[in-house]
1. Can you work out ³J(HN,Hα) from phi for every residue in region 18-29, in order, using Karplus 6.51 cos²θ - 1.76 cosθ + 1.60 and θ = phi - 60°, giving whole Hz and x for Gly and Pro?
2. Quick one: compute the contact order of region 183-246, relative version, from alpha carbon pairs under 8 angstrom and 6+ residues apart, as a percent.
3. In sequence order, what are the phi-derived ³J(HN,Hα) couplings for region 143-153 according to the Karplus relation 6.51 cos²θ - 1.76 cosθ + 1.60 with θ = phi - 60°, rounded to whole Hz, with x for glycine and proline?
4. When the chain is fully extended, how far beyond the present Cα-Cα distance does residue 139 get from residue 15, taking 0.36 nm per residue of separation?
5. Divide by every residue of the chain the summed helix terms, -39500 (n - 2.57) for each DSSP H run of at least 4, and state the resulting mean residue ellipticity at 222 nm, rounded to the nearest 500 deg cm²/dmol.
6. What shape does region 78-242 have by the C-alpha gyration tensor, where a ≥ b ≥ c are the square roots of the eigenvalues, rounded means a/c under 1.5, and otherwise prolate means a/b greater than b/c and oblate the rest?
7. Magnitude of the Cβ-charge dipole of the chain, K/R +1 and D/E -1, about the Cα centre, nearest 20 debye?
8. What GluC sites (Glu not before Pro) in region 1-71 are in a loop by DSSP, with at most 16 other Cβ atoms within 10 Å of the Cβ?
Amino acid sequence: MSLSFVPQGLTVTANSAAALAQARQISDDLGTVLVAGSEALTGLVLEVSESGLALRDYSQPKSHPLRLDVTRSRYPGATRDLLARALGKKCRSVIDATAGFGADSFDFVRRGYRVTAIERVRLISLMLIDAASRCPDQEWLDRFQVIEGESIDWIPRLHRADVIFLDPMFPDIEKKTAQPRKAQQLLRQIAGSDSGSVDLLNTARRFAGQRVVVKRPRSARPLGAEPDHRFMGRSIRYDVYFSEKL
Ligand SMILES: C[S@@+](CC[C@H](N)C(=O)[O-])C[C@H]1O[C@@H](n2cnc3c(N)ncnc32)[C@H](O)[C@@H]1O
């Protein structure tokens, strides 16, 4: 997939006159059409306003705009927190190599880790950068960076993180789960299904300081080889692979 991948038919619109210049800049950047009035909107639309970027699928009746929010918490109770156990007690830094809409990345920052979020779809990385730029907490911001690009290329060039986290999309998710949530549906529409995840896992194992953690649906096959550890949740599990340091 090319780095400048843009969903077919994506339109950019400004929700106010004040947001027009930014909307124009983004539509130029993405090579998409800029639509001024709301009547003409169809399909997937990136809405630009002074309060941030939001994505909306106008082909879905009653759909609400999706806005990324770094402050929205889904931090679970400590004893049930599989993810903390999967990351390990010594983890201080994470590369989220499949950042998507950033729910996991933002969660890692809230847990106190230093986080590098890598996302290869430009539209999505723009939304991540915009959401982070609205965070009022400087200490939070100091521990977070977004990189747009292909993780297999970036991981060897970055400072080694304790954990590399992978949450790739895969073709069988919809057969195994109930109706996927709005964010997941949009992600699939924009990013497609992830190919090359096994190569990504192999690269991650070579460059992780401590381990690679892969998020999978509970009953899915492992991404590559059998993991060194598994942490089973009700609908998902975390597969842990110890690093193969160079
Ligand atoms: C299932 S989503 C991740 C969801 C994310 N964990 C969240 O909390 O929103 C997978 C994302 O990883 C991105 N991705 C997959 N493989 C990648 C790669 N090799 N390099 C960079 N981004 C990748 C896809 O474009 C997609 O946005």
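1. Listing the rounded values in order: 5, 9, 5, 4, 5, 4, 5, 4, 5, 5, 5, 4 Hz.
2. 36
3. My calculation for region 143-153 gives 9, 10, 9, 10, 10, 8, x, 8, 4, 4, 7 Hz in order.
4. Values: separation 124, 0.36 × 124 = 44.64 nm, distance 3.08 nm.
My answer for the length gained is 41.6 nm.
5. Details: 9 runs with 71 residues, N = 246.
Calculated mean residue ellipticity at 222 nm is -7500 deg cm²/dmol.
6. rounded
7. 1160
8. Details: sites: 39, 47, 50; in loops: 50.
Sites meeting the loop and neighbour criteria: 50.
Taken together, the values in this text are just the output of simple stated rules run on the coordinates, not laboratory data. In this text the structure is predicted, and so the values were computed from the model without any measurement. No Cβ is skipped: glycine too gets one built from the backbone with ideal geometry, and neighbour counts run over all protein chains shown.
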